Amino acid sequence: MTVVHWKPFNNMLSLQEEVNRLFNTYFSGAPESTETGEYHWNPAVDIFEDENSIKVMCEVPGVDKEDVKISIQDNVLTVSGEKKRDFEGENGSFYRVERLCGKFQRSFSLPSSVDQENVKATYKNGILTINLPKEEEAKPKEVSIAIK
């Protein structure tokens, strides 16, 4: 019979590795697969505001602008669409597939000061930019006050 030196923390380390893997997968924004094999993913978004407008910049590389829908309803801006796979593996086999394809949707609450009738969007180099102008009464105004 062979004597094996028992290391009680080895089991704890493997448990820690499994928990770390679980958290890394869950919180890294890993996409969720559906029954059809397509993914739901969330494009990265930057939102910033100046005195005249709010701008939303959304990274959607590889998505045709015809496949993007922008809507505002009840002061909620929704950007949705689909990134379609640009090739099929019918005549060969994949070695690796890392580029995500599938549907996406992001929604953002808007302040009531947004002029919803004059929203404009542009798409260039995979960046969707949505310009949400503020209504005139919501823009900051400077009032001069005379000192007596």
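Sort out which residues of the stretch 97-135 are part of a loop (DSSP other than H, G, I, E, B) and among the aliphatic types (A, V, I, L, M), and write them in order of number. Walk me through it before giving the result.
Step one: list which residues in the stretch 97-135 are part of a loop (DSSP other than H, G, I, E, B), which gives 97-101, 110-113, 115, 119, 125-126, 135.
Once the filter is applied, which keeps residues that are part of a loop (DSSP other than H, G, I, E, B) and among the aliphatic types (A, V, I, L, M), the stretch 97-135 yields 97, 100, 110, 119.
Per-residue answers, yes or no, for (1) over 13 Å from residue 104 (Cα atoms); (2) assigned to a loop (DSSP other than H, G, I, E, B); (3) touching a residue at least 60 places away in the same chain (Cβ under 8 Å):
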site: 46; (1), (2), (3): yes, no, no
site: 51; (1), (2), (3): yes, yes, yes
site: 57; (1), (2), (3): yes, no, yes
site: 61; (1), (2), (3): no, yes, yes
site: 66; (1), (2), (3): yes, no, no
site: 69; (1), (2), (3): no, no, no
site: 72; (1), (2), (3): yes, no, no
site: 79; (1), (2), (3): no, no, no
site: 82; (1), (2), (3): no, no, no
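Pairs, please: C-beta under 7 Å, at least 6 apart or cross-chain, first residue surrounded by 14 or more Cβ atoms within 10 Å (Cβ to Cβ) and in the stretch 113-137, second hydroxyl-bearing (Ser, Thr, Tyr) and part of a strand (DSSP E or B)?
Once the first residue is surrounded by 14 or more Cβ atoms within 10 Å (Cβ to Cβ) and sits in the stretch 113-137, its partners that are hydroxyl-bearing (Ser, Thr, Tyr) and part of a strand (DSSP E or B) give 121/129; 129/122; 131/53; 132/53; 133/53; 134/53.
Only the coordinates and a few stated rules stand behind these numbers; no lab work does. Keep in mind that what you see is a predicted model, and the values were worked out from it rather than measured. Note: ideal-geometry Cβ built from the backbone for every residue, glycine included; neighbour counts use all protein chains shown.
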